Amino acid sequence: MKVVNVVLSILILLLAIASAVFSYFLFDKRSQLVEGWKKMATTINQSATEMDKGSGTKVGGELTVAALSHENYADLDAKLAKLTTQSRQLIKQRDELAETLRSIGTVAEMNNVGSSDAFKNMATYSTSKDDVVQGVGALIDRRNKIVQSVVEAVRRNLQLTIDANKLRAADQAALNQFSQRLTQFGNERRDFENTLNEIVRQAGGSSLNFSGNNFKGALDQARQAVNGLKGKLDEANRTIGARNQEIQRQKNELNGKNNEIATLKKSLDDKIYQLDGLRGALGLDKNDVLPMPWKPGSPEARKRIVGHVADVSSKYGYIAIDLGTESTVQQELGNKVGEINVNLTPGLEMVVSRGDLAVPTSDFVTKVKLTKVDKNCSIAEPIGEQKDTVQVGDKVWFDIN
C-alpha cells in the first residue's frame, strides 16, 4: 500500500510538474498570440489608414488597434467587414480608373493602348499609365499646334485676332467670332469670284473656274484678260491722245483762221469803205452794184478788142496787126470810162475775118498766132485752115464766147 502511495505521489508530482511546464508553454504561446493579434490589428489599422488617404473614407479611424483588440472579439466580424468593403470599393475604383485610362488612350487615337489587365496589374500598370499620359500629351501637343496654326492663319488671312487659350477651351464667343469671320470671308470670296468673272466677261474672256486647284490658273486667266483689256485701253488712250492733239492742232488752226477771218473782215470793211468811196466817185448810189473793172488781159477785155491787118508779107508768110502792148479797150464805170489793157503777148491766137462783125455775114479767113508784140504793132503768122488770102484791112479779134 505504501508503495502504491509512493507511486501515486510520484505520478501526481510528475503530473504537477508537467502541468506547470505546459502552463508555462501555454502562457508563452498566449503571449505570442496576443502580440501577433496586436501586430495584425496594427497592420489592419495601417492598411485602412493608407486606403483612407485621398479616398474620402475614415475606416482607419474605426479600425483602431484598440477596436481590433482580442478583448473586442465579439465586434471583430462587423469591424473587419468595413475593411473588406473598403478594399472592394478601392478595387472597383481601380478597375474603373483602368477602363477610363484605356478609354482615354483609345480616344487619343493611341496605337499601343494596353488591355484592361495591363492597367490593373501591379507590374504593368505604371508603363500602361505612362503610355496614356504620353499619348494624351501628344494629343494636346497636336491640338496646340493646330490651334496655333489656326490662330496664325486667321490672323494672316482673315485679319482676325483670336485668343488661342479661348479657342483651346472651345469658348463659344471665340468660336462664333471665328465662324462669323469665316462666313464673311466665304461671302467675300464668292463676291470676288463673281466680280472677277464679270470683269473677264466684260473684257471678252471666258468664264473662270475657281474650284479645286484652279484658283491660280483662274487668276492668271483673269490677269491675261485684264492685260488684254488694258492693252486695248492703252491703244485707245493713244488714239484719243493723237485725236486730242489733232483736235488741238485744228483748234489752233481754227483760231488762226478766226484771226485771219478777223483780219480779212477788217480788210473787207476797209474795202467796203473804199468801194463806197468809189461809188461816190463814180456817181453811183450806195445800193448800186459797183462795176468790177476788167483785169488787164482778161477775157472781158480781149473779147472787145478789134484790130486790123496793117500789112501782109506773102514772101515771109507773116502779117502785121495794128495792136500792141499799149492797146486798150474802154469800160464804162459809172460816170467814168476806164482804159483796160488787153495785155497782148506772143503765143496768143486770134481770128482774121472780113466784113462786119455784128452781122452773121462776117467771113472767116484764118487763124493767126502772135509771134512778136511791140508797143503799137504785132507780128503774127497764119495757123490752121485758111479760107481766103489775108488782106490789109481785115479785122483781127479774139474768139471768146
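The values are calculated or read from the model by the stated rules, or taken from the named source; none is laboratory data. Model, not experiment: these values are computed from the prediction. Positions of Cβ are generated from backbone atoms using ideal geometry, with glycine treated the same way; all protein chains shown enter the neighbour counts.
The table below lists the values:
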quantity: Some residue of segment 379-398 being touching a residue at least 12 places away in the same chain (Cβ under 8 Å) and in contact with a Pro (Cβ under 6 Å, 6 or more places away or on another chain); calculated: no
quantity: Test: residue in segment 345-352 that is touching a Cys at 6+ places or on another chain (Cβ under 9 Å), more than 30 Å from LEU290 (Cβ to Cβ) and either surrounded by 14 or more Cβ atoms within 10 Å (Cβ to Cβ) or of a type outside the set (Gly, Ala, Ser) (or both); calculated: no
quantity: Search result, residues across segment 112-140 that are surrounded by fewer than 16 Cβ atoms within 10 Å (Cβ to Cβ) and modelled with pLDDT under 75; calculated: SER116
quantity: Members of segment 177-205 that are under 25 Å from ARG155 (Cβ atoms) and hydrophobic (A, V, I, L, M, F, W, C); calculated: PHE178, LEU182, PHE185, PHE192
quantity: Subset of segment 60-92 that is touching a helix residue (DSSP H, G or I) at 6+ places or on another chain (Cβ under 7 Å) and under 22 Å from LYS120 (Cβ atoms) - its residue that is surrounded by the fewest Cβ atoms within 10 Å (Cβ to Cβ); calculated: LEU90
quantity: Qualifying position, being more than 27 Å from GLU188 (Cα to Cα), part of a helix (DSSP H, G or I) and either more than 55 Å from the chain's Cα centre (by Cα) or small (Gly, Ala, Ser) (or both), among GLY114, GLY137; calculated: GLY137
quantity: Tally, over segment 285-309, of residues that are small (Gly, Ala, Ser) and crowded, with 17+ Cβ neighbours inside 10 Å; calculated: 2
quantity: Test for ASN194: is it without any contact (Cβ under 8 Å) to a residue 12 or more places away in the chain, closer than 22 Å to LEU219 by Cα, out of contact with any helix residue (DSSP H, G or I) (no Cβ under 9 Å at 6 or more places or on another chain) and surrounded by fewer than 16 Cβ atoms within 10 Å (Cβ to Cβ); calculated: yes
quantity: Exclusive hit being in contact with a helix residue (DSSP H, G or I) (Cβ under 8 Å, 6 or more places away or on another chain), modelled with pLDDT under 95, surrounded by 11 or more Cβ atoms within 10 Å (Cβ to Cβ) and farther than 14 Å from GLY307 by Cα, set ILE400, ILE383; calculated: ILE400
quantity: All strands (runs of 3 or more DSSP E) inside segment 282-360 with 2 or more residues being in contact (Cβ under 8 Å) with a residue 40 or more places away in the chain and out of contact with any helix residue (DSSP H, G or I) (no Cβ under 9 Å at 6 or more places or on another chain); calculated: 306-313, 318-321, 349-354
quantity: Boolean, GLU109 is on the phi > 0 side of the Ramachandran plot and either in a helix (DSSP H, G or I) or touching a residue at least 24 places away in the same chain (Cβ under 8 Å) (or both); calculated: yes
quantity: Every residue from segment 159-193 that is more than 17 Å from ASN144 (Cβ to Cβ) and among the β-branched types (Val, Ile, Thr); calculated: THR161, THR183
quantity: Any hit, segment 205-217, residues being touching a Gly at 6+ places or on another chain (Cβ under 6 Å), surrounded by 12 or more Cβ atoms within 10 Å (Cβ to Cβ) and assigned to a helix (DSSP H, G or I); calculated: no
